[in-house]
Structure formats: structure tokens, C-alpha cells
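Before any comments, here is the structure.
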Protein chains: 2
Amino acid sequence: MGSIERIEHVAGKVIQAKRDGHDIVVVVSAMSGETNRLLEMANQISDSPVPRELDVLLSTGEQVSIALLSMALEKQGFSARSYTGTQVNILTDSAHNKARIERIDDSRICTDLGEGSIVVVAGFQGVDDNGNITTLGRGGSDTTAVALAAALNADECRIYTDVDGVYTTDPRVEPKARRLSQITFEEMLEMASLGSKVLQIRAVEFAGKYQVPLRVLSTFEEGEGTLITLEDEDMEAARISGIAFNRDEAQLTITGVPDHPGIAAGILGPISDANIEVDMIVQNVAGDDTTDFTCTVHRGDYDKALAILSDTAKKLGAREVSGDPEIVKLSLVGVGMRSHAGIASKMFKALADENINIRMISTSEIKISVVIEEKYLELGVRALHSAFGLEEDN
Amino acid sequence: MGSIERIEHVAGKVIQAKRDGHDIVVVVSAMSGETNRLLEMANQISDSPVPRELDVLLSTGEQVSIALLSMALEKQGFSARSYTGTQVNILTDSAHNKARIERIDDSRICTDLGEGSIVVVAGFQGVDDNGNITTLGRGGSDTTAVALAAALNADECRIYTDVDGVYTTDPRVEPKARRLSQITFEEMLEMASLGSKVLQIRAVEFAGKYQVPLRVLSTFEEGEGTLITLEDEDMEAARISGIAFNRDEAQLTITGVPDHPGIAAGILGPISDANIEVDMIVQNVAGDDTTDFTCTVHRGDYDKALAILSDTAKKLGAREVSGDPEIVKLSLVGVGMRSHAGIASKMFKALADENINIRMISTSEIKISVVIEEKYLELGVRALHSAFGLEEDN
């Protein structure tokens with residue numbers, strides 16, 4: 001019942017946009033809980049359902065949604081036509097459950113739009129060269145929307161979510177967090193990968209690659225949301241977009257490693273062989289002929305990685321291995337940051353003023369990340385948010 | 001949960017047939033209750049959902065089934081491949097919600113069978129020339145199975161239902177009713193249309209047209225079921241297959257109608273203009289220059305039809321209109337019946353022996369129908385069942 005109401009609500013949003021004079025293509029995902037219901041049925045039959053058949057099963061979730069939304073639109077007097085991934089020929093590779101879009105045939109969509117119809121497309125699904133149904137993996141509806149927007153050369157791709165935009169940081173940590181009216185694709189990628197899970201990373205990458213303007217809005221609240229665009233002129237000035245953080249990290253350090261070429265590979269090799277992903281990597285030359293090496297891994301991999309590193313330390317004749325599973329990564333994200341050295345020192349000073357010790361530092365074109373003790377997370381976020389004036393409209 | 005168990009049960013049946021050395025194509029319908037669940041969602045949105053979108057919605061029911069059954073087969077170590085109506089190209093006309101199959105492309109199925117796979121096809125659905133999803137209407141899965149069997153030139157088309165075959169009459173009325181091991185298509189049509197709702201009439205017509213041997217079996221019990229075939233040699237002898245009946249009839253009679261050409265049309269015209277379907281029609285010449293005319297209609301149309309007939313009687317100057325809403329039709333069904341006049345008299349005598357008055361008689365190539373008072377239904381069925389020795393193996 002709640003789900004049907006939601007469909008009618010979405011129909012209202014679509015009709016509003018149509019009345020504003022736009023040609024509309026809507027991409028929908030499955031109704032709330034539907035994908036889990038289908039997965040549960042599959043798991044009742046098999047612990048590891050055949051990937052091809054899992055796609056046949058899961059794709060029905062979105063197919064139900066496109067039919068119901070089209071009915072709701074038609075009931076309001078608007079011409080609407082639904083399409084599955086197969087029908088609109090969203091051609092993907094054959095990697096069932098995690099397929100990638102290769103090509104979209106937009107001819108039927110263009111014909112329908114030309115006739116004034118609203119086109120409703122099932123997200124998350126496609127079809128391979130042999131007519132097999134594929135799915136793009138969880139959250140793939142965002143990717144479908146961006147890919148269609150790119151194929152149709154759309155003015156804008158609007159992603160409706162349960163938040164009303166991208167914030168300067170997590171409002172649960174810093175109540176003064178402010179919604180950004182605009183952010184670049186690169187910044188969004190940093191924000192997303194660091195824990196602001198508003199959009200699927202793949203959708204943002206896709207949008208950036210094909211230069212599709214993306215707007216994140218709330219399904220339930222009115223508002224302009226956040227526009228994700230290419231870098232523009234007035235972004236040349238150093239602009240801090242926000243503060244991202246990641247609670248799930250753990251730190252590993254190996255000190256007094258005899259320094260010679262290939263040492264980093266010698267340390268990281270065994271860790272990556274064990275399928276452990278490494279996030280930050282920092283190497284410092286020590287005073288003597290040795291070097292200190294620190295990296296962070298996902299907290300769940302800490303014990304395993306520590307054991308591997310201890311082995312490696314013995315082999316390499318290193319002095320000591322240490323670690324800390326209770327650290328967090330804090331990142332300041334913004335374009336134009338590199339050309340403004342003052343930003344880094346301002347960031348470090350703001351943390352020092354609160355007596356927060358910085359364990360590691362790493363920088364990129366558009367972000368500066370530091371590792372600190374977990375207990376300082378909230379304090380650190382608020383200190384930076386205030387130091388860079390993010391609560392004010394920039 | 002019960003539904004998942006049922007799918008695993010069906011998988012067991014399929015595997016048994018595969019082990020018996022057959023190439024198998026399975027046609028499945030939606031899980032119990034699924035079609036109604038989908039219909040309810042559509043009706044929450046609209047009293048009259050757009051037919052095109054209703055098909056997109058309803059077709060997901062069977063798509064879920066093919067995926068789950070294929071998973072269940074693969075789990076048991078058998079190669080299985082599922083296909084929607086679109087994928088296997090079950091081409092239909094564009095009459096949404098009641099489409100008719102025009103052509104089937106069996107190339108993918110033949111390839112899979114050749115590789116030893118079990119092919120699982122979604123029943124009830126197809127695709128039109130423009131790639132729109134269509135459905136064949138309720139119960140259409142039987143028709144899909146027959147059409148596929150015809151296209152593939154299958155040895156046999158097995159329809160699994162909740163009964164274990166076709167009976168000489170309804171076992172709830174005559175406990176001595178016996179399962180028929182064989183019946184002709186024509187007999188089956190008479191039995192089905194007269195209330196033995198084992199199979200969809202369209203599926204039987206289709207099977208007859210394309211000469212596909214059809215076997216009705218129980219999903220839950222072991223057994224040979226009933227084979228529905230073309231007439232064969234030893235059927236030349238008068239053979240009674242069974243006794244069908246229809247409780248839902250009502251009788252209307254108009255007497256003393258001045259007899260002249262066109263009188264039947266004059267009486268039936270107004271009834272059919274009111275969209276009332278007429279079943280049996282009997283006209284008798286009376287002694288004078290008038291005629292008596294009797295017909296039966298569905299019991300729910302009785303009052304309406306009686307009012308129309310009374311009007312007609314006035315206009316035509318007929319003597320009287322009468323009727324009885326509490327009558328039933330009893331039919332003896334069997335091939336070779338026409339050439340054996342003795343059968344009719346045996347039937348009438350059996351009823352007379354029980355003091356059952358016959359109101360109307362009508363005959364066709366393979367059936368003799370009589371109308372009697374409703375209260376004699378059970379007695380009449382048992383009298384005929386016994387008179388024609390149907391409890392014995394014929």
C-alpha cells in the first residue's frame with residue numbers, strides 16, 4: 001500500500017516536470033522491499049542461484065514498477081509507455097548480476113517523445129548480445145538514468161533519492177552541515193567514495209565521462225537539490241565543498257625497514273595477494289638508512305593484514321610492526337585546492353587547536369585526507385566545518 | 001513458502017521425465033496467488049488499467065516462475081535455460097490481455113535441447129510485431145504449452161493440473177466416476193464446455209487443430225492421467241466417454257406463436273441485442289398454425305430475458321410465456337454416437353425409469369443433451385452413469 005502511494009507520488013513529480021514543458025524519460029527502480037523479496041525466494045531454492053536466472057528473476061522488480069507508474073500517468077490523462085531493458089535495447093556485456101552498459105538504442109524513445117508521450121524505462125537491467133536479460137547490480141538504476149541521459153543528450157538527469165542533496169558533511173555529525181547547490185563530478189566522487197552515499201559511484205563516473213549534468217533531489221521534499229557539473233569558471237578560486245570521513249579504516253605501520261628500491265612492493269605484495277584492499281599509503285624516509293611505511297585497510301581486514309605484515313617484517317629485517325584499528329580518515333574536498341597551499345596549513349591548524357593529533361596525511365588534486373583517532377571524529381569534522389566557513393552560503 | 005515447495009516439486013517431475021530419456025520443454029504459469037496480487041496492485045492505481053501496461057505487469061508473474069524453476073533444476077545438477085515470451089519470440093497479435101499466438105521461433109529452444117539443456121518457457125505471454133509484451137488471458141499457459149508442442153513437433157504435451165485426469169462425470173456427483181485413459185479432442189471440448197473445467201477450451205482447440213497429443217495429469221499424484229488424441233480406429237464403435245452437466249441454466253418458453261418464416265429470429269433478436277447468450281434452442285410445431293419455442297440462458301440472465309420475451313410475445317401475438325430458473329442440462333458425450341440410434345433411446349429410458357421428466361432434447365455429432373428439473377441432477381447423472389456402464393473400464 002505504501003508502495004502504491006509512492007508510485008502515485010512519483011507520477012505527480014513526473015507530471016509536474018512535463019507541465020513545465022520538458023520531454024520526460026523516467027527511469028524507475030523496484031518498489032521498496034521488492035528486490036529483497038525476490039532474493040529471498042531465490043535463496044530459499046539455492047544458496048548460490050545461477051547468475052543468469054537471478055537476473056531473469058530480479059529484473060521483474062523494475063518491470064512491475066514501470067507498468068504501475070505508466071498506469072498511474074495514463075490515469076491522470078498523460079500518454080505513457082513503459083519499456084524493459086530488453087525492449088529499449090539497453091545493450092550490456094554478459095556479466096550477469098554486474099553487467100556494464102555498452103550501447104543504447106534510443107529510436108523508440110525518441111519516437112515516443114516526439115509524439116508527446118512520457119517514456120518510463122526499467123532501471124538496473126539490460127540485455128546482452130544473445131538476448132539474455134542482465135542486471136547492472138544493486139543501485140544500477142542511477143547508472144541506467146545517466147546512460148539514457150547521455151544517449152538522448154538530455155538537458156539534465158535528475159536523481160530522486162531519500163536525501164534532498166549533497167551536504168558539506170554528514171548532518172548527523174555536524175548539524176550545521178549545509179546543502180551544496182553545486183559540486184563538480186570529481187568532488188562528488190571524493191565525497192561519495194568517502195562515505196556520503198548519496199549516489200552510486202558508477203553513475204557519477206558515467207555522468208562525468210559523458211558530461212551529463214546530474215541533479216540530486218529528494219523524492220519527498222521540494223527543493224533544487226544539488227547540481228553536479230563540470231568545473232566552471234568561478235570555481236578557479238579555492239573552494240571547499242565539504243568534509244567527508246570514513247569510520248571503517250584501520251592503520252598498519254612497519255618501521256625501520258632497510259631502504260632500497262622495491263621495498264614498497266615487497267610490503268604491499270603479500271597484502272594484496274590476500275585480496276585485502278589498501279586505501280591510504282604513506283612512506284617516510286627515516287633518519288638512518290631505513291624507512292617507515294604506513295597504510296590503512298578496511299577495519300574488517302585488520303587482524304589478517306597485521307599477521308601478514310608481521311611475517312613480512314621478519315623477512316625484510318624491519319624493526320617493528322604496529323597498528324591501530326580505531327582510526328578514522330577525515331577529508332577536506334574541493335576543487336582548486338592544490339594551487340592554494342594555505343588550505344592545508346589552515347586545516348592542520350584547525351585540528352591542532354583542538355589538540356587532535358594527525359597520524360597520516362595524504363593529498364590529491366581535490367582533497368586533503370588525514371588519519372586521526374576515532375574518538376576525535378565528530379570534533380574534527382566540526383572544527384574543519386567551522387574553520388572553512390561551510391555553514392555559510394559559499 | 002508453499003509456492004517455493006511447489007516449484008521444487010515441479011523440478012522433481014521434470015527431472016524424472018528427463019531421466020526417462022526425453023528432451024524437455026517446460027511451460028510454467030505464475031505461482032499461486034501471484035497474478036491476483038499483481039492485479040490488485042493495478043486496481044489500486046486504476047479501475048481500468050491501460051491494457052498494454054497490464055500485460056507488462058502480469059507477465060512478471062511467469063517470469064518469476066521460470067527463473068525459480070531453472071534455479072531449482074540447476075541446483076539438482078541439470079542444465080536449464082529460462083525464456084520469457086519475448087525471448088523465445090512467441091509472436092502474437094496486438095490484442096493486449098487476450099492476444100492470440102501467431103508464430104513461434106523455435107531456433108533457440110532447439111539449440112538448447114540439442115545441448116542437453118532443459119528449456120523453461122514462461123506461459124501466458126508473448127510479444128507483438130512491435131516488441132510490446134502481450135498476454136494470452138487467464139489460463140493461457142495451457143495454450144502456450146500446446147503451441148510450443150506443435151511448433152516443436154513434440155511427442156506429447158503434458159498438462160499438469162490439480163486433477164489426475166478427465167473423468168466420466170464429476171466424482172462429487174457420482175462417486176463411481178472413473179478416470180478415462182483416453183478421449184478425443186471433440187469429446188474433450190464437449191466435456192470442457194459443459195462444466196468439466198480441467199483444461200482451457202482454447203488449449204484443447206489448439207491441440208486438435210495442430211494434432212498435438214495432450215495428456216492431463218495431476219501435479220501431486222502419480223498416474224497416467226488422460227490422453228487426449230485424434231479419433232482412432234477402435235473408436236468407430238459407439239463409445240460413451242462421459243456425462244457432463246451444467247447447473248447454471250434457466251429455461252424460457254414461448255407457446256402459441258403464429259408460425260411463419262423468420263419467427264425464430266424475431267424471438268431471439270431482442271434477447272441477443274441485450275447481450276444475453278443463449279445456449280440450447282428447440283422449436284416444435286404445435287397442432288394448430290402456431291409453434292412453441294424454448295431456449296435456455298445463463299441463470300443470472302433469467303429475469304432480464306423473461307421480461308424481453310414477454311414483450312416479444314405481445315408483439316407477436318403469442319399465447320403464453322413461461323420459464324423455469326431451476327433446470328439443469330445433462331449431456332451424454334461420446335464419438336460415434338450419431339450412427340447408433342439405440343443410444344438416445346437407452347438414455348431416455350434410463351431417465352424415465354427414475355421418473356425424471358425430460359423438458360428439452362438437443363443432439364449433436366458427439367453428444368445428446370437433455371434439460372431436466374434441477375432436483376433430479378444427481379439422480380440423473382448416476383442413472384446414466386450406470387446405464388452406460390461407465391464405472392467399468394471401457
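Tallying residues that are surrounded by 24 or more Cβ atoms within 10 Å (Cβ to Cβ) and within 13 Å of chain A (Cβ to nearest Cβ) within region B:8-29 yields 2. Could you grab me the full set of residues in region B:122-133 that are crowded, with 24+ Cβ neighbours inside 10 Å and away from every other protein chain (no Cβ under 12 Å)? Across region B:122-133, the qualifying residues are B:Gly123, B:Phe124, B:Gly126. In the condition set (1) modelled with pLDDT of 95 or more; (2) more than 8 Å from chain B (Cβ to nearest Cβ); (3) crowded, with 19+ Cβ neighbours inside 10 Å, A:Pro51 is compliant with all but (3).
Can you spot a residue in region A:77-94 that is assigned to a helix (DSSP H, G or I), more than 7 Å from chain B (Cβ to nearest Cβ), surrounded by fewer than 24 Cβ atoms within 10 Å (Cβ to Cβ) and not polar (S, T, N, Q)? Within region A:77-94, none of the residues are assigned to a helix (DSSP H, G or I), more than 7 Å from chain B (Cβ to nearest Cβ), surrounded by fewer than 24 Cβ atoms within 10 Å (Cβ to Cβ) and not polar (S, T, N, Q).
Restricting attention to region A:295-307, does a residue exist that is part of a loop (DSSP other than H, G, I, E, B) and either on the phi < 0 side of the Ramachandran plot or among the basic types (Lys, Arg) (or both)? The answer is no, given that none of the residues of region A:295-307 is part of a loop (DSSP other than H, G, I, E, B) and either on the phi < 0 side of the Ramachandran plot or among the basic types (Lys, Arg) (or both). Checking each residue of region A:55-63 against the condition of being among the polar types (S, T, N, Q), within 7 Å of chain B (Cβ to nearest Cβ) and part of a helix (DSSP H, G or I) gives at least one match. Against the criterion of being of a type in the set (A, V, I, L, M), within 14 Å of chain A (Cβ to nearest Cβ) and in a helix (DSSP H, G or I), B:Ala72 qualifies. In summary, A:Pro213 fulfils each of the numbered conditions (1) within 26 Å of A:Ser386 (Cβ to Cβ); (2) at pLDDT 85 or above with the single exception of condition (1).
Every residue, every condition in (1) buried (at least 18 other Cβ atoms within 10 Å of the Cβ); (2) at pLDDT below 90, yes or no:
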{"site": "A:Ala145", "(1), (2)": "yes, no"}
{"site": "A:Leu152", "(1), (2)": "yes, no"}
{"site": "A:Glu156", "(1), (2)": "no, no"}
{"site": "A:Asp164", "(1), (2)": "yes, yes"}
{"site": "A:Val198", "(1), (2)": "yes, yes"}
{"site": "A:Ala203", "(1), (2)": "yes, yes"}
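Of all the criteria given as (1) closer than 30 Å to A:Gln44 by Cα; (2) at pLDDT 95 or above; (3) of a type outside the set (Ser, Thr, Tyr), the one not satisfied by B:Asp128 is (1). Residues that are of a type in the set (Lys, Arg) and within 20 Å of the chain's Cα centre (by Cα) number at least 1 in the following strands (runs of 3 or more DSSP E) confined to region A:313-370: A:327-333.
The values are calculated or read from the model by the stated rules, or taken from the named source; none is laboratory data. Because the structure is predicted, anything quoted here is derived from the model rather than measured. A quick note on method: Cβ atoms are made from the backbone with ideal geometry, for glycine too, and the neighbour counts reach across all protein chains shown.
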